[in-house]
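Notes follow once the structure below has been shown.
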Amino acid sequence: MNAKFQPTGSAYFIVPDTQNPEQHILSVIVDNEPGILARIAGLFSGRGYNIDSLTVSETEHEKHLSRITIAVTATPKMHMQIRMQLDRLVPVHRVLDLTAEGNGLERELALVKVAGKGENRVETLRLAEAFRAQVVDATTDSFVFEITGKSSKIEQFITLMQPLGLVEVVRTGRTAISRGPEGM
Amino acid sequence: MAEQMTGAEIVIQALKDNGVEHIFGYPGGAVLPIYDALFQTEGIEHILVRHEQGATHAAEGYARSTGKCGLVLVTSGPGATNAVTGLTDALLDSVPLVCITGQVPTSLIGSDAFQECDTVGITRNCTKHNYLVKDVNDLARVLHEAFYVATTGRPGPVVVDIPKDVQFALGNYKKSANGATQHASYRPQTEGDSAAIEAAVDLMLKAEKPVFYTGGGVVNSGPEACEHLRELAALTGFPVTSTLMGLGAFPANNNQWLGMLGMHGTYEANLAMHDCDLMINIGARFDDRITGRIDGFSPNSMKIHVDIDPSSINKNITVDIPIVGDCASVLEEMVRVWRTKTNTSREDALKPWWKQIEDWRSVKSLSFKNSDTVIKPQYAVQRLYEAVKDRDVYITTEVGQHQMWAAQHFHFNEPKRWMTSGGLGTMGYGLPAAVGVQVAHRDALVIDIAGEASVQMTMQEMSTAVQYGLPIKIFILNNEYMGMVRQWQELLHGGRYSQSYSESLPDFVKLAEAYGGKGIRCSDPKELDDAIAEMIDSDLPVIFDCVVDKVENCFPMIPSGKAHNEIILPDTADIGSIIDDKGKVLV
């Protein structure tokens, strides 16, 4: 039997996706009503999609609309299906795949706590300046930095802080918007 | 104009304004105010079931046989959880239901109160949409919206969870404006893209080996869709096959009908699907029972897919021309475009294809070896069909071998006559569904073609049938086995019949009598016709215990891990060798 005809555990042989998974950023406009986040999360878990990151906040107060930004890794065919499934939910107004549109602008914010003394402390500050991280809290033996940027930049900053006395990190997850004059 | 009334009264008024005439339900603490308002209301009949699952299936049978929305009313906690199976069934088979559940008072939500459960949490993934109404002034709007969401687009079940204090509270009632609820975010697309329809017709005009593959979407779309399908089939001369859910949309007595396709579909239908050069899927969803092995599914065809649900398109099978829209409007447009492009018949061009189909038909894949001494289940369905075919008849089924035999040997010429659990495969569906159908069609002959295992899952609804004088006929093909489980164990698990034999069965005749119905038993093929006549003549609900061959298998069958052209026929000598080891590991 051909190697690609592997049983999947379902009732039938299903050809495994030969497409490579890639990460896309989806922007979803929803009614800000109770349970909406559970509805979205339940859709992802129920259908076996993986959420890499998710941010949500009400963005239009008078209309009670929230914008949800979801980073999800899947094959191109599955990305299409995920968009269709999201669009099918009754409180979902619009779904946009910013990655597929090719004009997404994304940012993430992190708060990074680093403790240390002496030379480490000087080095920490020097690096923070290079990364344009702001000091938002300081004691004689610690700093909390606020850093924004692409996730890869934050990732890099955290890696550099590791040997200098990294204590803990919180991240907001990625949020994104399209470039240019058009709104969603 | 807004009118002051209690939440419970708002519920009843909203039901009336949305055309509800029948409710299937079961009272309990958290819905007592609604039952009290119902008590003081004329014009709505409540059918008291014996278990909430029965209420949901009865409402499904009611909805599918009428095209209206089914209404379920149950209490909080166990009332809601018992309804979950039926809601899931309705979701998978796209049946419009509104299910109203009682909830503990808002102040107690989250306190693990008596008969509290997180109904909206539990039903979120088994409904099209659900609501928890915490403010009585939202109640009317939510209820109108629930009916709108349940019945439009791809239909489905909607739950409205109403805490008891909201049912008591005074609030404003507003009729929905002309029933047309404008929804901010939910707007199903019903008109197909005209360029896509034109491209589809162009392919149809060139096709040499076309096939229409139709599904439950045509039935759901309504009688016009079925009319347009018949018109388009007549115009094009293409063969037509259908899924289990779509039976009746195209008449079985038409010569272009190939029979059902899929795992237990006919040889000609499955081979036509495999060998066609153009597949026109109308309102079906490329379910795994239909496609078989996906990489072997109809390898050389162009595929057109008409579906009202955009997420159905390219989900399982990638298609060439997707058309999102309601079957009725798309089919009507296809007929119109076809007429503008040609007025000559394509009979000659299709001749070789029809010749090929006739060859496949001559295999007679639904044949079986009959017996003089024991009733063959297929024979029982055939005799039942012959006895009732000229009547106003509705068929429901449970799930298993009997369901497939019913689909193969009972023939439907009209839509909405066939109620079965396709997507979820819910054993115990048929009896309560028959109750719901009979409520909607009091004078019709309603038969549940059942298996002795399935029917015991919801047998208590016999009591409902007796209470409301609903003369449903439960025609049990009794082989003492969970037949389909036994068949798979025989074919795939070396004949090790693990837990598929019912050591102890009730005496179905006495059981029927105990409920206040009529019981009939028949085990002799020569007496079968008379016994069926006796069943039909009875004014009571009847349990017919048809004792059939214990080990008959359901063929044809496309085994696990095989494509359409690897179908097993009934007289295949060595079935075991056809299924390979990889097929055996599949469910």
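The values are calculated or read from the model by the stated rules, or taken from the named source; none is laboratory data. Remember, predicted model here, so these are calculated numbers, not experimental data. Neighbour counts are summed over all protein chains in view; Cβ atoms, including those assigned to glycine, are modelled from backbone coordinates with ideal geometry. Surface areas here come from the heavy atoms of the whole protein model, side chains and all, with no ligands, DNA or RNA. Shrake-Rupley method; radii C 1.70, N 1.55, O 1.52, S 1.80 Å.
For the reader, a short list of remarks on this structure follows.
- Per residue, the solvent-accessible area of segment A:22-102 (1.4 Å probe, heavy atoms of protein chains only, all protein chains present) comes to 44 Å².
- Carbon + sulfur, % of accessible area of segment B:242-374 - ligands and nucleic acids excluded, 1.4 Å: 48 percent
- Straight-line reach from B:K389: taking Cα to Cα under 19 Å and skipping same-chain neighbours fewer than 8 places apart, the aspartates and glutamates in range are B:E414, B:D443, B:D448, B:D529, B:D530, B:E534, B:D537, B:D539.
- A 1.4 Å probe run over the protein chains yields, for segment B:66-128, 32 Å² of accessible area per residue, whole-number rounding.
- Buried surface between chains B and A: roughly 2600 Å² of accessible area, summed over both sides, computed with a 1.4 Å probe on protein heavy atoms only.
- A Förster distance of 45 Å, applied to the separation of the beta-carbon atoms of A:L37 and A:Q156, puts the FRET efficiency at 0.90.
- 5 Å binning of all Cα-Cα separations within segment A:22-102, expressed as whole percents from 0 upward: 3, 15, 30, 28, 15, 6, 2, 0
- Normalised per residue, the accessible area of segment B:194-361 is 33 Å², obtained with a 1.4 Å probe and no contribution from ligands, DNA or RNA.
- Note on surface exposure: B:W488, B:W405 rank B:W488, B:W405 by accessible area, highest first, 1.4 Å probe.
- Portion, in percent, of the accessible area of segment A:45-128 that falls on carbon or sulfur, probe 1.4 Å: 51 percent
- Across chain A, the mean sequence separation of Cα contacts (distance under 8 Å, 6 or more residues apart), normalised by length, yields a relative contact order of 23 percent.
- Rg and Dmax [Cα atoms of chain B; Å; Rg one decimal, Dmax integer]: 24.4, 74
- In this rough spin-label picture, where each label sits 7 Å from Cα along the Cβ direction, the B:E513-B:L32 distance is 4.1 nm.
- Here is the P(r) of segment B:120-169: all C-alpha pair distances, binned every 5 Å from 0, give 5, 23, 28, 23, 15, 6, 1 in whole percents.
- The relative contact order of segment B:194-361 comes to 28 percent, based on Cα pairs under 8 Å that sit 6 or more residues apart.
- Within segment A:88-122, the residues that become at least 40 Å² less accessible when every protein chain is included than when their own chain is isolated (1.4 Å probe; DNA, RNA and ligands ignored) are A:R88, A:V90, A:H93.
- Eigenvalues of the alpha-carbon gyration tensor of segment B:194-361, scaled by 5 and square-rooted, set the equivalent ellipsoid semi-axes at 20, 19, 16 angstrom, largest first.
- Farthest towards the positive end of the charge dipole of the protein assembly as shown, among the residues A:F143, B:I476, A:I177, is the Cα of A:F143, using unit charges on the Cβ of Lys, Arg, Asp and Glu.
- Relative contact order of chain B, pairs being alpha-carbon contacts under 8 Å that are 6 or more residues apart, as %: 14 percent
- Charge context of B:G422, other residues only, Cβ under 10 angstrom, K/R +1, D/E -1: -2
- Evaluated at q = 0.13, 0.22, 0.24 Å⁻¹: base-10 log I(q)/I(0), Debye formula over Cα of segment A:105-178: -0.34, -0.89, -1.04
- For segment B:377-547, the share of alpha carbon pairs falling in successive 5 Å distance bins from zero is 2, 9, 19, 23, 22, 14, 7, 3, 1, 0 percent.
- Largest to smallest principal axis extent of the C-alpha atoms in chain A, angstrom: 64, 54, 32
- Stretching the chain fully between A:V169 and A:N50 yields a gain of 40.6 nm (0.36 nm per residue, less the alpha carbon separation).
- Residue by residue along B:131-143, Cβ atoms of other protein chains within 10 Å of the local Cβ number 1 on average.
- Length gained on full extension, B:N343 to B:D390, computed as 0.36 nm times the residue gap minus the Cα-Cα distance: 13.3 nm.
- Each Lys and Arg adds +1 at its Cβ and each Asp and Glu adds -1 at its Cβ; summed about the Cα centre, the protein assembly as shown shows a dipole of about 1360 debye.
- Distance between modelled label sites at B:N370 and B:L170, nm, 7 Å Cα→Cβ extension: 7.3 nm
- Once exposed loop GluC sites (Glu not before Pro) are cut out (DSSP; at most 16 other Cβ, 10 Å), longest piece of chain A: A:63-181
- Antiparallel content of DSSP bridges confined to chain B, in %, to 5: 10 percent
- Straightening the chain between B:D524 and B:S194 buys 113.0 nm, computed as 0.36 nm per residue apart minus the Cα-Cα spacing.
- Highest to lowest packing among B:64-71, B:510-517, scored as the average C-beta count within 10 Å: B:64-71, B:510-517
- Spin-label pair B:Y497/A:H61, simplified geometry with 7 Å Cα→Cβ offset, distance in nm: 7.1 nm
- Using the average count of surrounding beta-carbon atoms within 10 Å as a protection proxy, the listed peptides B:24-31, B:335-342 rank, highest first, as B:24-31, B:335-342.
- The fraction of accessible area contributed by carbon and sulfur in segment B:20-137 is 53 percent, rounded to a whole number (1.4 Å probe; ligands and nucleic acids excluded).
- Across peptide B:286-298, the mean count of Cβ atoms from other chains lying within 10 Å of each residue's own Cβ comes to 3.
- For segment B:141-232, alpha-carbon Rg relative to the globular expectation (2.2 N^0.38 Å, N residues): 1.63
- Cβ crowding within 10 Å averaged over residues, with B:141-152, B:444-455, B:310-321 ranked highest first: B:444-455, B:141-152, B:310-321
- Per-residue ellipticity at 222 nm, computed for the protein assembly as shown from helices alone with -39500 (n - 2.57) per DSSP H run of at least four residues, works out to -10000 deg cm²/dmol.
- Three principal axis lengths of segment B:295-342 [C-alpha, angstrom, descending]: 36, 24, 11
- Whole-number Å³ per residue for the convex hull built on Cα positions in segment B:3-179: 96 Å³
- Cross-link pairs B:K206/B:K355; B:K209/B:K416; A:K113/A:K153; A:K77/B:K303 - those with Cα-Cα distance over 20 Å: B:K209/B:K416
- Share of Cα-Cα pairs in the protein assembly as shown lying beyond 54 Å, as whole percent: 17 percent
- Alpha-carbon gyration tensor eigenvalues x 5, square-rooted, for segment B:1-54, Å: 21, 13, 9
- Qualifying chymotrypsin sites (Phe, Trp or Tyr not before Pro) for segment A:67-162 [loop in DSSP, other Cβ within 10 Å: at most 13]: none
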